[in-house]
Amino acid sequence: ETGVTQTPRHLVMGMTNKKSLKCEQHLGHNAMYWYKQSAKKPLELMFVYNFKEQTENNSVPSRFSPECPNSSHLFLHLHTLQPEDSALYLCASSPSLSGNTIYFGEGSWLTVV
Amino acid sequence: GENVEQHPSTLSVQEGDSAVIKCTYSDSASNYFPWYKQELGKRPQLIIDIRSNVGEKKDQRIAVTLNKTAKHFSLHITETQPEDSAVYFCAASPGAGNMLTFGGGTRLMVKP
């Protein structure tokens, strides 16, 4: 088992809906990440949190809003998404930001209709 | 920042043949180079990694080589099997607070 769990695994939402993706890591790591994976960009970094503080926002549109209440949990709040936002959203964690392996969750498949 | 390029984007080999995937990086300070394998519908998983103080590392049928002077590293898979079919990602990290930068991925197909 990965140690990084994501829910839901599959989500279909309309463009006017508000939904959230949840990620939890049981590895005692201090850094957590959101990646978007699509055919166009295989592994696109979205957000990075280190010790609950956001350290990276990779020019992500404001319709994606991350939240990190503690080092073990990470959320991605979704609002008024576009069909092109349909993708696999991967959460990941690592012990720290420096030169460490990152461990991915199974991902949440998002379809925007 | 770091830029990682990965080639080829697709690779088809016959079962039993070897497969080689190459990556180049731009930041000479990079010192950690992992490789991830992502099977269809699954999450990327670490299969092997190397740090800049070694030139080669092996684990059964897979090996990674690093050329720091040329700033490139490669994944070698010998005696390929159908279950090796997946997308492989290389990555590089300069360390010291910097994150992994991933290459664009290589889709490996092993034909039985």
Practice item. Could you identify the single residue in A:SER72, A:SER98, A:SER38, A:SER93 that is farther than 23 Å from B:GLY103 by Cβ and polar (S, T, N, Q)? Key: A:SER72
Review point. B:SER9 fails exactly one of the following numbered conditions: (1) surrounded by 14 or more Cβ atoms within 10 Å (Cβ to Cβ); (2) closer than 23 Å to B:PRO112 by Cα. What is the number of that condition?
Key: (1)
Check your understanding: Take the residues of segment B:74-94 that are surrounded by fewer than 19 Cβ atoms within 10 Å (Cβ to Cβ) and in contact (Cβ under 8 Å) with a residue 60 or more places away in the chain: which is nearest to B:LYS58 (Cα to Cα)?
Key -> B:THR78
**Study point:** Inter-residue pairs, beta-carbon under 9 Å, first among the small types (Gly, Ala, Ser) and in segment A:35-64, second in a strand (DSSP E or B), 6+ apart
**Key:** A:SER38/A:GLU44; A:SER38/A:ALA87; A:SER38/A:LEU88; A:ALA39/A:ALA87; A:SER62/A:HIS79
Review point. Looking at (1) touching a helix residue (DSSP H, G or I) at 6+ places or on another chain (Cβ under 9 Å); (2) over 16 Å from A:PRO42 (Cα atoms), which is the one condition that is false for B:HIS72?
Key: (1)
Practice item. Look through segment B:18-46, keep the residues that are of a type in the set (Val, Ile, Thr) and buried (at least 17 other Cβ atoms within 10 Å of the Cβ), and return whichever of them is farthest from the other protein chains (Cβ to nearest Cβ). Key: B:THR24
**Study point:** Residues of segment A:28-50 satisfying the condition of being farther than 16 Å from A:ALA87 by Cβ, surrounded by 13 or more Cβ atoms within 10 Å (Cβ to Cβ) and not hydroxyl-bearing (Ser, Thr, Tyr)
**Key:** A:HIS29, A:ASN30, A:ALA31, A:MET32, A:VAL48, A:ASN50
Exercise for review: Take segment A:79-113 and flag every residue that is at the interface with another protein chain (Cβ under 8 Å from one of its Cβ atoms), touching a Pro at 6+ places or on another chain (Cβ under 7 Å) and either surrounded by 23 or more Cβ atoms within 10 Å (Cβ to Cβ) or part of a strand (DSSP E or B) (or both).
Suggested key: A:PHE104
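To keep it simple, each residue is scored yes or no on (1) more than 15 Å from A:GLY107 (Cβ to Cβ); (2) among the β-branched types (Val, Ile, Thr); (3) over 14 Å from the mean Cα position of the chain (by Cα).
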{"position": "A:GLN6", "(1), (2), (3)": "no, no, no"}
{"position": "A:GLY14", "(1), (2), (3)": "yes, no, yes"}
{"position": "A:HIS26", "(1), (2), (3)": "yes, no, yes"}
{"position": "A:TYR33", "(1), (2), (3)": "no, no, no"}
{"position": "A:ALA39", "(1), (2), (3)": "no, no, yes"}
{"position": "A:PHE51", "(1), (2), (3)": "yes, no, yes"}
{"position": "A:CYS68", "(1), (2), (3)": "yes, no, no"}
Exercise for review: Determine whether B:ALA70 is out of contact with any Cys (no Cβ under 8 Å at 6 or more places or on another chain), open to solvent by less than 60 Å² (accessible area, probe 1.4 Å), more than 14 Å from every other protein chain (Cβ to nearest Cβ) and under 27 Å from B:VAL110 (Cα atoms).
Suggested key: no
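The values are calculated or read from the model by the stated rules, or taken from the named source; none is laboratory data. Since the model is a prediction, treat every value here as computed from it, not as a measurement. Counting neighbours? That spans all protein chains shown, and the Cβs are built from the backbone with ideal geometry, glycine included. Ligands, DNA and RNA are excluded from the accessible area calculation, which covers all protein heavy atoms including side chains. Shrake-Rupley method; radii C 1.70, N 1.55, O 1.52, S 1.80 Å.
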